[in-house]
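Following: one structure in structure tokens, then a few remarks.
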Amino acid sequence: MKNKLIIFALILLLPASAFAISGEEIVRKADDKATYDSAEMAGEMRITDRFGTKTSTFNSWSRGENESLIEFTSLAERGQKVLRTENEIYLYYPDAEELIRMQGSALRQGMLGSDISYEDMTGGKDRASQYKIEVTGSETILGRDCWVLSLEARTRSVPYPKETVWIDKQDYIVMKGEYFTKSGRLLKEMEVLELGEIDGITLALETKISDKMKRDSDTILIVKDLKANVALDDAIFSLEELSW
Amino acid sequence: MKFVISLAFKNLTRYKRRTLITAGAIAFGIMMFIMVDSMLGGAEYESVRNLKWYETASVRIYNEGYWEERHQTPLDINIPEGASVVKKLEESGYTASARTVFSGDMILNAEDFGEDGNLSVQVTAIDTAKDYDVFHYGDTLVDGRFLEPNEEAVLLGSWLAEDIGAEVGYWITIITRGNGGFYEAMDLEIAGIVNCPNPNVNRTLIMMPIETADYYLAMEGAATEINIKLPDNADVEAEAAEIQKTINSFDSSVKLRALDWKYMASDYLAMVEAKRGGTGIVLFLIFIIAAVGISNTMLMAIYERIRELGMMRSLGMSDGKIRASFVIEAAGIGLIGSILGVILGILANLYVIYIGFDLGFFMRDMDIGFRIQSVMRGIWNIDTIAGAFFAGTLISTLVAFIPTGRALKMDIPSCLRHQ
């Protein structure tokens, strides 16, 4: 009984931070949450710029954090594919029957003119080890209590040297993100507009991404359907299959 | 023989108008040949000069792994402590300057440019104190001022500035990836506009101070290239080998490689070589046109004198002497035409070399392969002038053989009745 009292007293004396989850842990859980062993998705991209709004539909397949294939199904872009392998991104244009490897500054170009760059598709999601992460506060987004985290890159090899992200405390979903250059200029902004549940998985159904270097421009990414942890053929992510 | 020469000379002076018209046709052909050859040679010469003066310098030093990856303009394959390498090169007697070249997106703001826009660009960060010693931008400024060290400003090529509607004082934003891969954005004021005679450069040129690029891109004193200027008549291959030996002796953490401009511009030189084939065909066609013109006028001149030839035969002059008289007369016409042609060719060349033809109106929007921006100038080519002179005289002489021979095969009454 005496021992139990001592332990209880010690627990009371421990600082509150000892129970708090670390920034690294939050980001790691959020990145894990956003990565499926394998997934098949159908979605839509609503791209708004100064010329108006354009809608493109697509199907995508992904495996782990390094492999994905997007095939556009909307009339104007039907058959265009974007393949991401561990180190490369390839585009396939069916009309020209041309395969293009994206590299260098071309990676900053928006996919189909959207605010999502090819660069945004690259790189691993292991931000917990790449950034120095600090929890700076709490805010409510879409009625959900979120941690506000400030990320500063430990390495030069990440595209965004500074990030501020809002992560949902309940489901570890990144609800909002601001992505900065090294000198602190806001380059890109991401915000979840609608949360929902598909196949028992809570996820962002509508996400707005804005390239802050483009005026009056944003892209809304809509998830129509998601099947997580499905069996996917290796050929889906092969270069040989890309032009078929 | 003296009589034959005298007869030929008399015939030349007797038919002054015919002689002058025939010689004039020969002269025009020779003048055109000399002028076109001068212009094509001049375009090639100026292209090479503009390539060295504004693009490649004489010799360039890279990190050994850079050349294969140069199209990606990688910042991480660099020359550490660029300024210190330049200093060592200067101590070895070379004129050198460091540069950092990177790719990015140029963002144009509606406030200055009327509407928003962006385009992919390549930016060259220069050592503002030394770059003009290696490259020849010193006299190309058409608006504003040159760059100052450390400032957040750019110089633009005048064609690029025209294309995007840029003026001095406007601001642009360059978004790029720094050394390692991180994003960086730089707001830069347009400090000046340069009109570079190399069209490839003038269409795309964006320069900024190397110190500013160093700070934003986290280069930590590294540069992507060091350019070296050599005298125009230097044997660049031998000099590059010498520079390679010099840099091998430097205590550098990376292996450096010196490349001469011929190696760097090998694609361009291959194209020039192919173009030279085309140029040869153009010159050959001009030569053929001139030769046909000369032949035709000589044929006409001889055929219209078949009656005269019949008269000489009926008076007892031998066929050999008649042929010799006509051939010498033709050679005389060819000589007069060639002399006139060379004089006219030299006069035309003076204009082509010192004033030139301004072809900027169509070179502005098309790439003809040559690195010349607008005024196409010529060069002196003594071989061509001498060759055209001898060819003009020789062709005129040779073509006289055929109609004279045919006329001599006719019987005398037929010659006398010939209309």
*Positions within the stretch A:36-87 being surrounded by fewer than 16 Cβ atoms within 10 Å (Cβ to Cβ), of a type in the set (Val, Ile, Thr) and part of a strand (DSSP E or B), in sequence order*: A:53, A:55
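For residue A:185, state whether it is basic (Lys, Arg), within 17 Å of residue B:104 (Cβ to Cβ) and more than 14 Å from the chain's Cα centre (by Cα).
Details: basic (Lys, Arg): yes; within 17 Å of residue B:104 (Cβ to Cβ): yes; more than 14 Å from the chain's Cα centre (by Cα): yes.
It is true that residue A:185 is basic (Lys, Arg), within 17 Å of residue B:104 (Cβ to Cβ) and more than 14 Å from the chain's Cα centre (by Cα).
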*Please enumerate the residues belonging to the stretch A:179-190 that are surrounded by fewer than 20 Cβ atoms within 10 Å (Cβ to Cβ) and more than 10 Å from chain B (Cβ to nearest Cβ).*
A:189
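Among B:202, B:179, B:198, which is under 24 Å from residue B:216 (Cα atoms), buried (at least 20 other Cβ atoms within 10 Å of the Cβ) and polar (S, T, N, Q)? Let's see the steps before the verdict.
Working: B:202 fails: under 24 Å from residue B:216 (Cα atoms); B:198 fails: under 24 Å from residue B:216 (Cα atoms).
Residue meeting the stated conditions: B:179.
Which residues, counting only those in the stretch A:94-123, are away from chain B (no Cβ under 13 Å) and more than 21 Å from residue A:49 (Cβ to Cβ)?
Narrowing the stretch A:94-123 to residues away from chain B (no Cβ under 13 Å): A:94-100, A:111-112, A:114, A:116, A:121.
Scanning the stretch A:94-123 gives A:94, A:95, A:96, A:97, A:98, A:99, A:100.
Would the stretch B:312-331 turn up any residue that is surrounded by fewer than 14 Cβ atoms within 10 Å (Cβ to Cβ) and in contact (Cβ under 8 Å) with a residue 24 or more places away in the chain?
First, the residues of the stretch B:312-331 that are surrounded by fewer than 14 Cβ atoms within 10 Å (Cβ to Cβ): B:314-316, B:318, B:320.
Narrowing further to those that are in contact (Cβ under 8 Å) with a residue 24 or more places away in the chain: B:314.
Within the stretch B:312-331, one or more residues are surrounded by fewer than 14 Cβ atoms within 10 Å (Cβ to Cβ) and in contact (Cβ under 8 Å) with a residue 24 or more places away in the chain.
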*Can you name the residue in the stretch A:88-102 that is loosely packed, with under 14 Cβ neighbours inside 10 Å and under 29 Å from residue B:75 (Cβ atoms) and, of all such residues, is modelled with the lowest pLDDT?*
A:98
*Select from the stretch B:110-136 the residues that are in contact with a strand residue (DSSP E or B) (Cβ under 7 Å, 6 or more places away or on another chain) and modelled with pLDDT under 90 and list them in ascending order.*
B:112, B:116, B:117, B:118, B:119, B:120
_Any residue that is more than 30 Å from residue B:115 (Cα to Cα), within 14 Å of chain B (Cβ to nearest Cβ) and not aliphatic (A, V, I, L, M) - is there at least one of those in the stretch A:205-213?_
no
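Condition check: within 23 Å of residue B:68 (Cβ to Cβ) and part of a helix (DSSP H, G or I). Does residue B:215 satisfy that? Can you show your working first?
Details: within 23 Å of residue B:68 (Cβ to Cβ): no; part of a helix (DSSP H, G or I): yes.
No; evaluated as a whole, the condition is false for this residue.
Any chance the stretch B:81-88 includes a residue that's polar (S, T, N, Q), in the same structural domain as residue B:175 (by TED's automatic domain parsing) and in a loop (DSSP other than H, G, I, E, B)? Let's see the steps before the verdict.
Going through the stretch B:81-88, the residues polar (S, T, N, Q) turn out to be B:84.
Remaining after also requiring in the same structural domain as residue B:175 (by TED's automatic domain parsing): B:84.
Checking which are in a loop (DSSP other than H, G, I, E, B) leaves us with none.
No, the stretch B:81-88 has no match at all.
Say we look at the stretch B:5-36 and pick out the residues that are aromatic (Phe, Trp, Tyr) and at pLDDT below 85; which of these is surrounded by the most Cβ atoms within 10 Å (Cβ to Cβ)?
As a first pass, look at the stretch B:5-36 and keep what is aromatic (Phe, Trp, Tyr): B:9, B:15, B:28, B:33.
With the extra rule that they be at pLDDT below 85, the set shrinks to B:9, B:15.
Details: B:9: 14, B:15: 17.
Filtering the stretch B:5-36 for residues that are aromatic (Phe, Trp, Tyr) and at pLDDT below 85, the one surrounded by the most Cβ atoms within 10 Å (Cβ to Cβ) comes out as B:15.
Among the residues in the stretch B:224-243, are any within 14 Å of another protein chain (Cβ to nearest Cβ) and of a type outside the set (Phe, Trp, Tyr)? Let's see the steps before the verdict.
Restricting attention to the stretch B:224-243, the residues satisfying the condition of being within 14 Å of another protein chain (Cβ to nearest Cβ) are B:224.
Add one more test, that the residue is of a type outside the set (Phe, Trp, Tyr), and what stays is B:224.
So far as the stretch B:224-243 goes, yes, one or more of its residues are within 14 Å of another protein chain (Cβ to nearest Cβ) and of a type outside the set (Phe, Trp, Tyr).
Is it the case that the stretch B:364-372 has a residue that's assigned to a helix (DSSP H, G or I), of a type in the set (Phe, Trp, Tyr), in contact (Cβ under 8 Å) with a residue 24 or more places away in the chain and surrounded by 14 or more Cβ atoms within 10 Å (Cβ to Cβ)?
Step one: filter the stretch B:364-372 for residues assigned to a helix (DSSP H, G or I), giving none.
No, the stretch B:364-372 contains no residue that is assigned to a helix (DSSP H, G or I), of a type in the set (Phe, Trp, Tyr), in contact (Cβ under 8 Å) with a residue 24 or more places away in the chain and surrounded by 14 or more Cβ atoms within 10 Å (Cβ to Cβ).
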*Matching residues, the stretch A:29-49, being among the hydroxyl-bearing types (Ser, Thr, Tyr) and over 14 Å from the mean Cα position of the chain (by Cα)*: A:38, A:48
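Return the residue satisfying two criteria in turn: it lies in the stretch B:232-245 and is without any contact (Cβ under 8 Å) to a residue 40 or more places away in the chain and in a loop (DSSP other than H, G, I, E, B), and of such residues it is farthest from residue B:70 (Cα to Cα). Please lay out each step first, then the result.
Of the stretch B:232-245, the ones without any contact (Cβ under 8 Å) to a residue 40 or more places away in the chain are B:233, B:235, B:237-238, B:241-242, B:244-245.
Within this subset, residues satisfying the condition of being in a loop (DSSP other than H, G, I, E, B) are B:233, B:235.
Numbers: B:233: 28, B:235: 25 Å.
For the stretch B:232-245, the residue satisfying everything is B:233.
Go through the residues of the stretch A:146-167 one by one and say whether even a single one is facing chain B (nearest Cβ under 10 Å) and surrounded by fewer than 16 Cβ atoms within 10 Å (Cβ to Cβ).
First pass over the stretch A:146-167, keeping only residues facing chain B (nearest Cβ under 10 Å): A:153, A:155-162.
Filter again for surrounded by fewer than 16 Cβ atoms within 10 Å (Cβ to Cβ), leaving A:155, A:157.
Within the stretch A:146-167 (the criterion being facing chain B (nearest Cβ under 10 Å) and surrounded by fewer than 16 Cβ atoms within 10 Å (Cβ to Cβ)), the answer is yes, since at least one residue qualifies.
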*Any idea which of (1) under 20 Å from residue A:36 (Cα atoms); (2) touching a Gly at 6+ places or on another chain (Cβ under 7 Å) is the one residue A:182 doesn't satisfy?*
(1)
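Here is a yes/no grid of residues against (1) under 23 Å from the mean Cα position of the chain (by Cα); (2) among the basic types (Lys, Arg); (3) within 30 Å of residue B:356 (Cβ to Cβ):
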{"residue": "B:12", "(1), (2), (3)": "no, no, no"}
{"residue": "B:26", "(1), (2), (3)": "no, no, yes"}
{"residue": "B:52", "(1), (2), (3)": "yes, yes, yes"}
{"residue": "B:56", "(1), (2), (3)": "yes, no, yes"}
{"residue": "B:93", "(1), (2), (3)": "no, no, no"}
{"residue": "B:113", "(1), (2), (3)": "no, no, no"}
{"residue": "B:116", "(1), (2), (3)": "no, no, no"}
*asked:* Among the residues of the stretch A:116-125, are any crowded, with 19+ Cβ neighbours inside 10 Å, out of contact with any helix residue (DSSP H, G or I) (no Cβ under 9 Å at 6 or more places or on another chain) and either closer than 30 Å to residue A:150 by Cβ or not acidic (Asp, Glu) (or both)?
replied: yes
*Please find, among A:150, A:157, A:138, the residue that is among the small types (Gly, Ala, Ser) and either in contact with a Gly (Cβ under 6 Å, 6 or more places away or on another chain) or under 14 Å from residue B:183 (Cβ atoms) (or both).*
A:157
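Pull up the stretch A:192-217, narrow it to residues that are of a type in the set (Asp, Glu) and surrounded by fewer than 19 Cβ atoms within 10 Å (Cβ to Cβ), then point me to the one that is nearest to residue A:44 (Cα to Cα). Walk me through it before giving the result.
In the first step, residues of the stretch A:192-217 are kept if they are of a type in the set (Asp, Glu); the result is A:194, A:197, A:199, A:206, A:211, A:216.
Applying the additional criterion that residues be surrounded by fewer than 19 Cβ atoms within 10 Å (Cβ to Cβ) yields A:194, A:197, A:199, A:206, A:216.
On the way: A:194: 14, A:197: 17, A:199: 18, A:206: 9, A:216: 20 Å.
Of everything passing the filter in the stretch A:192-217, A:206 is nearest to residue A:44 (Cα to Cα).
So that you can scan it fast, the table gives a plain yes or no per residue for (1) out of contact with any Phe, Trp or Tyr (no Cβ under 7 Å at 6 or more places or on another chain); (2) over 21 Å from residue A:24 (Cα atoms); (3) assigned to a strand (DSSP E or B):
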residue: A:119; (1), (2), (3): yes, yes, no
residue: A:133; (1), (2), (3): yes, no, yes
residue: A:137; (1), (2), (3): yes, no, yes
residue: A:150; (1), (2), (3): yes, no, yes
residue: A:160; (1), (2), (3): no, no, no
residue: A:171; (1), (2), (3): yes, no, no
residue: A:187; (1), (2), (3): no, yes, yes
residue: A:190; (1), (2), (3): yes, no, yes
residue: A:204; (1), (2), (3): yes, yes, yes
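The values are calculated or read from the model by the stated rules, or taken from the named source; none is laboratory data. No experiment lies behind these values; they were computed from the predicted model shown. Note that we place each Cβ from the backbone using ideal geometry, even for glycine, and neighbour counts take in every protein chain shown.
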